[in-house]
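Please read the structure below before turning to the comments.
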Amino acid sequence: MSASDIPPVRHHLERLAAQGIDVVRVTYPDLIGTERARDVLLDHLPSACEHGLAFCRAVYHTSPQGDVVPVPGGLDAGLPDICVRPDLDTLAALPWEPGVASCLGDVTDPATGRPAPESPRDLLRTVVDRCREHGLHPVVGPELEYFLCDAAPGTPQGWRRYSEAAGVVYTAGLRADADNHLLRTLRLLRDLGIGITNGNHEFDGSQFEINLNHSDAMAAADRAFRFKSAVKELARKEGRLATFMAKPFQGAGGSGFHLHLSCVDGAGGNVFADPAAPYGLSATARHAVAGVLAHAPALAALANPTVNSYKRFGPDTLAPWLIDWGLDNRSAMVRIPPERGSGSRFELRLGDASANPYLLIAGTVAAALLGVLAGEEPTAPLEGYGYDRARSALLPTSLPEALDALEADQALTGVLGRDFVDAYLSYKRDEVARFQRHVTDWEFTEYAYHL
């Protein structure tokens, strides 16, 4: 029996054809969360489902500049294949691309039939399964910020901020968005069906935040991945650049990727809630917070994954700088929002927008699980404005420091898997080495005339 004869596949084919769709874009995240994809003609979708689509495994080891990093299993193995099969349960028509639907793909190693070690989606699936073994089902709500840029030929970067308006934090309308970018984007993302709830202009000129509703951890990561891909694609269609880079401009703030995390039991009850417990948080919630605090240095390698990420940090930035937590305190790394009961959760403010959603969520959930299993209480919550180094430990201040912390955290790497961690460390340390060899504009300006 061919794939087209299997009832679910046949049903999808008929439904897509009835919608006038003749191409399916099969996508999956690479190691840094960039979308990799192939467009498949509808007639060939059954074959793609049955046999999979072949990609070179080195796609996971390829830098943004096209360099293939020597990660074990790639160049040294002769650049073998991975196999990507469409996940038809994730099919969605692209509102801005007539005749095209997209779906996520599941990645396997043809040699073993098992998930590819570098697959971010499968890493998260493994971590969530570990949580379920202990009766915990993570629920995640993502919040992401980005900058919108217009083309600026002749300038060093080639791009300038879409708006330079100041003092327009938490606004909507033409005041800071003269071309109605936000309204147009919200409506198209709504039609994509990824759970968009609202959006606004953020702190700096041309910076926007769009929020997604909460869901189980895998669905949240899928939706955040598709959200980032869609926002960038919509900007490209208008000749613009939407960037989730942590801090793209000198003199402007950075873009965050905040995660709201709670856990429910098998019946759907929020296990972080306990009105009789300290702070109205159950022991499970407090232990989860303690786990995130304990593993924060290692978690930074996933939450703040670029050389640029660490330029977002610092005192008085409203980006975390210290390892602390607080009750409804936005100057803390972990904030406990004021809702209790079914709304009990914590907000991890560590991540920046460049983070791979699957890795950020996997790392956060793994750290929380380790905290629950350890059963330790967190330190006293932060009171008042933070950023006092006398009160809390400092987060890593550079990517090399964070990568060293990840390598040293045997408990966290044990949950994430040694094969994944080794690949990630190799890839990211190559990024650091390439940056350290690069002569920057700052160096020329600082030294060339005087030395």
Exercise for review: Tell me which residues, restricted to the stretch 105-125, are crowded, with 22+ Cβ neighbours inside 10 Å and at pLDDT 95 or above.
Suggested key: 105, 107, 119, 120, 121, 123, 124
Study note, to complete from the structure: Counted residues in the stretch 155-173 being part of a loop (DSSP other than H, G, I, E, B) and open to solvent by 80 Å² or more (accessible area, probe 1.4 Å) come to 5
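Quick check on this structure: which one of 354, 342, 398 is of a type in the set (S, T, N, Q) and open to solvent by less than 30 Å² (accessible area, probe 1.4 Å)? Before the answer, list the steps.
Values: 342 fails: open to solvent by less than 30 Å² (accessible area, probe 1.4 Å); 398 fails: open to solvent by less than 30 Å² (accessible area, probe 1.4 Å).
Matching residue, one of 354, 342, 398: 354.
What is the residue count in the stretch 71-85 for residues that are open to solvent by less than 20 Å² (accessible area, probe 1.4 Å) and either of a type in the set (Val, Ile, Thr) or in contact with a strand residue (DSSP E or B) (Cβ under 8 Å, 6 or more places away or on another chain) (or both)? Lay out the reasoning, then the answer.
Taking the stretch 71-85 as the starting set, the residues that turn out to be open to solvent by less than 20 Å² (accessible area, probe 1.4 Å) are 71, 73-74, 82-84.
Keeping just the survivors that are either of a type in the set (Val, Ile, Thr) or in contact with a strand residue (DSSP E or B) (Cβ under 8 Å, 6 or more places away or on another chain) (or both) gives 71, 74, 82-84.
Adding up the residues that qualify gives 5.
Can you tell me which residue within the stretch 410-449, out of those that are over 17 Å from residue 366 (Cβ atoms) and among the hydroxyl-bearing types (Ser, Thr, Tyr), is farthest from the chain's Cα centre (by Cα)? I'd like the intermediate steps shown before the answer.
Taking the stretch 410-449 as the starting set, the residues that turn out to be over 17 Å from residue 366 (Cβ atoms) are 426-449.
Okay, now just the ones that are also among the hydroxyl-bearing types (Ser, Thr, Tyr), so 426-427, 440, 445, 447, 449.
Values: 426: 20, 427: 17, 440: 28, 445: 34, 447: 37, 449: 42 Å.
Step by step, filter the stretch 410-449, then rank; the result is 449.
Mind checking whether some residue in the stretch 281-302 is among the charged types (D, E, K, R) and either open to solvent by 40 Å² or more (accessible area, probe 1.4 Å) or under 20 Å from residue 32 (Cβ atoms) (or both)? If you could, list the steps in order and put the result at the bottom.
Step one: list which residues in the stretch 281-302 are among the charged types (D, E, K, R), which gives 286.
Checking which are either open to solvent by 40 Å² or more (accessible area, probe 1.4 Å) or under 20 Å from residue 32 (Cβ atoms) (or both) leaves us with none.
No, that holds for no residue.
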Point to revise | Hits in the stretch 403-429 (condition: basic (Lys, Arg) and either touching an Asp or Glu at 6+ places or on another chain (Cβ under 9 Å) or open to solvent by less than 50 Å² (accessible area, probe 1.4 Å) (or both)) | key: 428
Review point. Which pairs have Cβ atoms under 8 Å, sit 6 or more apart or on different chains, and link a residue in the stretch 175-202 that is touching a residue at least 40 places away in the same chain (Cβ under 8 Å) to one that is of a type in the set (Val, Ile, Thr) and part of a helix (DSSP H, G or I)?
Key: 185/231; 189/231
Exercise for review: Show the residue pairs that are 6+ apart or on different chains and have beta-carbon atoms under 9 Å apart, the first residue being within the stretch 59-74 and of a type in the set (Asp, Glu), the second being surrounded by fewer than 20 Cβ atoms within 10 Å (Cβ to Cβ).
Suggested key: 67/430; 67/434
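Kindly evaluate residue 252 against the criterion of being part of a loop (DSSP other than H, G, I, E, B) and open to solvent by less than 20 Å² (accessible area, probe 1.4 Å). Talk me through it step by step, then tell me what you get.
On the way: part of a loop (DSSP other than H, G, I, E, B): yes; open to solvent by less than 20 Å² (accessible area, probe 1.4 Å): yes.
So residue 252 passes the test.
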Exercise for review: Please work out which one of (1) modelled with pLDDT of 95 or more; (2) over 21 Å from residue 108 (Cα atoms); (3) open to solvent by 50 Å² or more (accessible area, probe 1.4 Å) is the condition residue 38 fails and give its number.
Suggested key: (2)
Practice item. Filter the stretch 126-149 down to the residues that are touching a Gly at 6+ places or on another chain (Cβ under 8 Å) and either of a type in the set (Asp, Glu) or open to solvent by 10 Å² or more (accessible area, probe 1.4 Å) (or both), then identify the one that is farthest from residue 362 (Cα to Cα). Key: 145
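The values are calculated or read from the model by the stated rules, or taken from the named source; none is laboratory data. On a predicted model such as this, the values are computed, not experimentally measured, just so you know. Positions of Cβ are backbone-derived with ideal geometry, glycine not excepted, and every protein chain shown enters the neighbour counts. Side chains included, ligands, DNA and RNA excluded: accessible areas come from the protein's heavy atoms. Shrake-Rupley method; radii C 1.70, N 1.55, O 1.52, S 1.80 Å.
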